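Shown next, in C-alpha cells, is the structure this report addresses.
The values are calculated or read from the model by the stated rules, or taken from the named source; none is laboratory data. A quick note: this is a predicted structure, and the numbers were derived from the prediction, not measured. Note that we place each Cβ from the backbone using ideal geometry, even for glycine, and neighbour counts take in every protein chain shown. Keep in mind that these areas ignore ligands, DNA and RNA; they rest on the heavy atoms of the full protein, side chains included. Shrake-Rupley method; radii C 1.70, N 1.55, O 1.52, S 1.80 Å.
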Amino acid sequence: MRHLVKEIAADVNQFWMNLPEYKDLFSPDNIKIADKLQKSMKKVDIRKADFSKTKIKVVAANIIVGQTLV
C-alpha cells in the first residue's frame, strides 16, 4: 500500500483519473489484508556476516602498466 501512496503523492491527477481503481485498492477489506500481510512478514537482517565462513584475500602489489602506476 505504501507504494500506492507514494504514487498518488507524486501525481495527484493520476489518482483522480483512476479513482475507481484506487477506490477498490483502498477498500477496508484490502487495507485489513495488507495490514495482516505486513504484520506477518518476517524481518530478516541480511547484513549479518559469519566471519568463520568468510573468505578474505588480501592482494598487496604495485602494478605498473607502461609508465603509469595503477
Inset, instruction - With r as the distance between the Cβ atoms of residue 49 and residue 7 and R0 = 25 Å, compute the FRET efficiency 1/(1 + (r/R0)^6) and round to 0.05. - result: 0.10
Inset, instruction - State whether segment 8-63 is rounded, prolate or oblate according to the following rule on the C-alpha gyration tensor (a ≥ b ≥ c being the square roots of its eigenvalues): a/c under 1.5 gives rounded; otherwise a/b larger than b/c gives prolate, and the remaining case gives oblate. - result: oblate
Legend entry - Solvent-accessible area per residue, Å², over segment 1-42 with all protein chains present [probe radius 1.4 Å]: 91 Å²
Inset, instruction - Pop out the carbon and sulfur fraction of the accessible area of the chain as a percent, whole number, probe 1.4 Å. - result: 61 percent
Legend entry - Structure-based [θ]222 nm, the chain - -39500 (n - 2.57) summed over DSSP H runs of at least 4, per residue, nearest 500: -14000 deg cm²/dmol
Legend entry - Label-to-label distance, nm, for residues given as residue 26 and residue 57 (7 Å Cα→Cβ offset): 5.4 nm
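Within 13 Å, Cβ to Cβ, of residue 30, how many net charges do the neighbouring residues add up to if Lys/Arg are +1 and Asp/Glu are -1? All intermediate terms of the calculation are to be shown ahead of the outcome.
Working: positive: 23, 32, 36; negative: 21, 24, 29, 35.
Summing Lys/Arg as +1 and Asp/Glu as -1 gives -1.
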Legend entry - In degrees, nearest ten, helix 28-40 long axis to first principal axis of the chain (Cα): 30 degrees
